[in-house]
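Every number in this text was worked out from the coordinates using simple rules, so none of it is lab data. Predicted model only: the values in this text are computed from it and were never measured. Every residue, glycine as well, gets a Cβ built from its backbone with ideal geometry; the counts of neighbours run over all protein chains shown.
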Protein chains: 2
Amino acid sequence: MKPLISFTLLLLVFIAHAADPLPSWNDTAPKKAITAFVEKTTSDGSADFVPPAERIAVFDNDGTLWSEQPMYFQAFFIFDRIKQLAPQHPEWKTKEPFASVLKGDANAALAGGEHALIEMAMATHAGTTTEEFEKIVTDWITTAKHPKTGKLYTEMVYQPMLELLAYLRANGFKTFIVSGGGIEFMRPWAERVYGIPPEQVIGSSIKTKYEVRDGKPVIVRLPELNFIDDKAGKPVGIQQHIGRRPIMAFGNSDGDFQMLEWTTRGSGPRLAGIIHHTDAEREWAYDRKSHIGQLNRGLDEGPQRGWIIVDMKSDWKRIYPSEMR
Amino acid sequence: MKPLISFTLLLLVFIAHAADPLPSWNDTAPKKAITAFVEKTTSDGSADFVPPAERIAVFDNDGTLWSEQPMYFQAFFIFDRIKQLAPQHPEWKTKEPFASVLKGDANAALAGGEHALIEMAMATHAGTTTEEFEKIVTDWITTAKHPKTGKLYTEMVYQPMLELLAYLRANGFKTFIVSGGGIEFMRPWAERVYGIPPEQVIGSSIKTKYEVRDGKPVIVRLPELNFIDDKAGKPVGIQQHIGRRPIMAFGNSDGDFQMLEWTTRGSGPRLAGIIHHTDAEREWAYDRKSHIGQLNRGLDEGPQRGWIIVDMKSDWKRIYPSEMR
């Protein structure tokens, strides 16, 4: 038996080495840049070697790790929460933006822009304990379906990015989410879906308060903004939570510009990538004029800054995990 | 040679297993409780097994991982900064609490309590970039000496706690600092001294702002409080940064009470410990009446809540790493 076992082991080792860690990426420039970067930063003796503790990689979520059209998935969650809570809020029937949500008119509800969204987030995300909110999110994310694809929202994550996250971690990188979305909206499922534990999720937040209710300690969510993790807020959030400048960053919109700038202007090897939504058939195509995930400055300045522009249509073999079957 | 190598290997494995992971702890109740807890939460098949991702252990810093007398070590840093910055602030000569610091009267400078300390922290910690501040802290911590012991402050960490941190990590725990001290004051040396990376350091903070100065992105520290990580703020800080309830917590003062309460009132196996400063000869002895690290409620309620009270005098063989020689 012994020689056979040795041979099987050798074969497994060989397969592991030969296997493509990014099978859903075409062999175009972005994949080559990523693998070259990982190799030079992780090979002993390389001039660009980076110690494991400093291998920090940050990822935007909406539009970078999962889809974000026709609106942020968290907005669907907020709308569903408003419908659920409406019986306790008779005033919402005539009060905007709530009235539009209850009438099923998403466009009118979002006409007030970010201000309207924040008002609705406050009204629906506060007032519970952190444990109650986690259960509300978990119940929703495991059952709610996207109106266009009919998929669970967690089935609309990008297969190439799942592979990239796993590839980085296998090479000693620590992967973080840095999103404008709600930190407590992402944490309940980020570990299961992305392999990213709650302590590596950074996002926007509301204030909370610790108290003891009937002998039971709870953390209560308050209707007050704590932090907006977007644009110039992203480097601030990174410093607050990580305290170290990342060496790799991926985003998809101008809301990620400062994060990519902060990441790439440090000394030593750096890599930044922008996911460019170019695939109207398999996903969505949008950039400069989109109301969600607008991308102007990144397209203009990214290439001259050495940032990789990932063209979803030509650089990705697949979009969603379901295409692996 | 071959049999000899095998024997040596076997011996090494045996020694590794037999070696006491906590050699600076006496074989008293606290050590037994800690090792029993680690064994039952990490043994496959144990009813109390905790998956590695949930093995979160949090530690207060001042008085728990290093000494805090005759005043918080960060206060020594603040005083030194005030002296350094005084030429640029002629008004400090007559303005309290700065005037007392410049006269060398620490007691008068601190007579204003927490308010005075925060005012001085603001004046000395803001106005720099994060990178500049990191360098200022590093320069100070590698040269400044404690007035009583003449040691570097980082030589006044507790050897038994260094062993506990390493023992936990070797058993798949993730160790975090959760301190009322400044987050950016601890991060520059926590990895080297405690083995705790910056992303696992939680503390009080001031607000910061991202900007591009002459083409170079920086994060600027602002003279505005962001978060006080003390008392009921500790569970809030834990939730913000970790997003998961710890299963183990150590503190030494009533400022840690809520952190220990939050940790131990979750379901499943939990362990909390209070470092009781009882050793006036080797360190300091203080508790109920101390102006620093006051401990009342923890002593009263800790034992009935099942918290371990670590008596430094009788439970620790050594205090500082220098005693290992």
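How would A:Val310, A:Val50 line up from fewest to most surrounding beta-carbon atoms within 10 angstrom?
Exposure proxy ranking, most exposed first: A:Val50, A:Val310.
Quick one: check the C-alpha center-to-center distance for segment A:39-118 versus segment B:261-325, whole angstrom.
When both Cα centres are located, 43 Å separates them.
Nearest 0.05, what FRET efficiency do B:Ala53 and A:Ser314 give at R0 = 35 Å with Cβ-Cβ as r?
0.40
If you take each beta carbon of peptide A:191-198 and count the beta carbons of other chains within 10 angstrom, what is the mean?
2
Quick check: net charge around A:Pro246, other residues with Cβ under 10 Å of its Cβ, Lys/Arg +1 and Asp/Glu -1?
So the environment of A:Pro246 carries a net charge of +4.
Using 25 Å as the Cα-Cα cut-off, could you pick out the over-long pairs in A:Lys207/B:Lys231; A:Lys207/B:Lys234; B:Lys103/B:Lys209; A:Lys83/A:Lys148; B:Lys32/B:Lys174; A:Lys95/A:Lys231?
B:Lys103/B:Lys209; A:Lys95/A:Lys231
Below 8 Å, C-alpha to C-alpha, sequence gap of six or more: please give me the relative contact order for chain A in percent.
After rounding, I find 22 percent.
What gaps in nm, shortest first, separate A:Ala29 from its twins in the other copies when you place the label 7 Å past Cα toward the beta carbon?
For A:Ala29, the inter-copy label distances come out at 6.9 nm.
Hey, got the average number of other protein chain Cβ atoms within 10 angstrom for residues in B:229-239?
If you average over the peptide's residues, the count of other-chain Cβ atoms is 4.
Work through the residues other than B:Phe176 whose Cβ is under 10 Å from its Cβ and net out their charges, Lys, Arg +1 and Asp, Glu -1.
Residues close to B:Phe176 contribute a combined charge of -1.
If the cut-off is 16 Å between C-alpha atoms, which lysines fall inside it for B:Lys31, apart from same-chain ones fewer than 8 positions away?
Result set, ordered by chain and number: B:Lys40, B:Lys313, B:Lys317.
Taking the axis that carries chain A onto chain B, what is the nearest Cβ in chain A, and at how many Å, to the whole number?
A:His241, 3
Roughly how tilted is helix A:183-194, in degrees to the nearest 10 and between 0 and 90, from the longest Cα axis of chain A?
40 degrees
Put a dot 7 Å past each Cα toward the Cβ at B:Lys207 and A:Lys151; how far apart are the dots in nm?
Spacing of the two 7 Å Cα→Cβ label points: 4.0 nm.
At 7 angstrom along the Cα-to-beta-carbon line, where would the label on B:Ala108 sit relative to the other copies? Give the distances in nm, shortest first.
For B:Ala108, the inter-copy label distances come out at 7.0 nm.
Give the peptides B:296-304, B:82-90 in descending order of average Cβ contacts within 10 Å, highest first.
B:296-304, B:82-90
How high is the FRET efficiency between A:Gln88 and B:Asn226 when r is their beta carbon distance and R₀ equals 35 Å, given to the nearest 0.05?
Efficiency at R0 = 35 Å is approximately 0.55.
Identify, among A:Ile309, A:His291, B:Ala75, the residue whose Cα sits farthest towards the positive end of the charge dipole of the protein assembly as shown, taking +1 on the Cβ of Lys and Arg and -1 on the Cβ of Asp and Glu, with the dipole about the Cα centre.
Checking the options against the dipole of the protein assembly as shown, the answer is A:Ile309.
How much net charge surrounds A:Glu323 when only other residues with a Cβ under 10 Å from its Cβ are counted (Lys, Arg +1; Asp, Glu -1)?
+4
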